[in-house]
Each structure stands twice: as structure tokens, then as C-alpha cells.
Amino acid sequence: MRFRALEGWLQRLRGLLGSDREATPVVLVGCARVHTFMMRYPIDLAFVGKDGTVLRACTSVAPGRIVGGKGAFLTFERPESEAPWLVAGDVVGWVRDFGRSGGSGEIPKTSEKRKGEHDGEVGC
């Protein structure tokens with residue numbers, strides 16, 4: 001999966017806001033909590049610690065919500081999708097591509113999870 005790295009405060013605040021369902025996934029660097037206010041569609045989220053471990057993953061987060069992952073350093077966001085997504089316990093690695101504006105990277109293929117599975121987490 002390819003994504004855009006958003007590192008500045010304003011970039012992180014905006015995230016996928018104003019985009020459509022075909023938007024490139026993003027990773028918010030230095031972010032442990034996100035909002036979906038004014039979003040036009042649901043999104044999938046994964047909160048990742050500094051060691052690369054996925055601490056919490058949520059799919060189909062509706063607009064108008066605030067969701068966080070205690071201890072997260074990175075937050076991955078993508079438009080809601082039927083495609084496999086990260087799950088709690090996965091370990092991700094990412095490589096920064098300085099040749100692209102805004103940075104980008106890749107995460108390896110992870111274990112498959114069906115849409116709507118939340119590992120018993122409440123509040124997603």
C-alpha cells in the first residue's frame with residue numbers, strides 16, 4: 001500500500017478532509033487521535049506505536065467522530081475499503097521516499113481482515 005506522509009500540524013489536521021473515496025491513503029506522523037468532522041465518507045484507521053506495532057485498528061469510521069489510539073505515533077488513514085487492512089498486533093515498517101512531494105511510503109502486506117471486524121474494540 002502506498003500513502004502520503006503528512007507531518008505538519010495543518011496537514012495532519014486536514015488529513016483526508018476535502019478528498020473523495022479515491023484519495024491516496026495518508027499517514028499522520030506524530031498523531032495519536034483524529035477527527036472525522038466534515039468528512040463526506042467513512043474512513044479506515046490504524047494507530048501505530050513508535051516500534052511499528054499496530055495498537056488499534058478501526059474500519060468504517062463514520063463522519064463526525066473522534067477516535068484515538070493511546071501511545072500511537074503514526075496514524076494511517078484511508079477511505080473506507082473492502083480491501084484487507086491493518087489489525088491490532090500487526091507490525092509495519094515504512095520507508096520515506098524523499099523524491100516525492102509530501103513524502104510517501106509503503107507498508108507490507110498484512111494479515112487479511114474482513115470489513116467490519118474490530119477485535120472487540122468499542123468506539124470505532
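The values are calculated or read from the model by the stated rules, or taken from the named source; none is laboratory data. Quick caveat, the model's predicted, so the values are computed rather than measured. Cβ sites come from the backbone with ideal geometry, for glycine too, and all protein chains shown count toward neighbours. Accessible surface areas use protein heavy atoms only, side chains included; no ligands, DNA or RNA. Shrake-Rupley method; radii C 1.70, N 1.55, O 1.52, S 1.80 Å.
Brief remarks follow.
- You will find that of Phe37, Phe47, the residue that is aromatic (Phe, Trp, Tyr) and in contact with a Leu (Cβ under 7 Å, 6 or more places away or on another chain) is Phe47 and no other.
- Residue in the range 54-62 that is more than 20 Å from Arg2 (Cβ to Cβ) and part of a loop (DSSP other than H, G, I, E, B) present: yes
- Scanning the range 7-35 for residues that are of a type in the set (A, V, I, L, M) and more than 11 Å from the chain's Cα centre (by Cα) turns up Leu10, Leu13, Leu17, Ala23.
- So Glu80, is it acidic (Asp, Glu), within 15 Å of the chain's Cα centre (by Cα) and modelled with pLDDT under 95: no
- Any hit, the range 39-49, residues being assigned to a loop (DSSP other than H, G, I, E, B), within 22 Å of Asp90 (Cβ to Cβ) and free of Cβ contacts under 8 Å to residues at least 60 places away in the same chain: yes
- Residue check, Ala62 modelled with pLDDT of 95 or more and more than 23 Å from Gly18 (Cβ to Cβ): no
- Candidates in the range 4-31 are the residues that are of a type outside the set (A, V, I, L, M, F, W, C), modelled with pLDDT under 85 and closer than 20 Å to Gly68 by Cα; of these, the one that is least open to solvent (accessible area, probe 1.4 Å) is Gly15.
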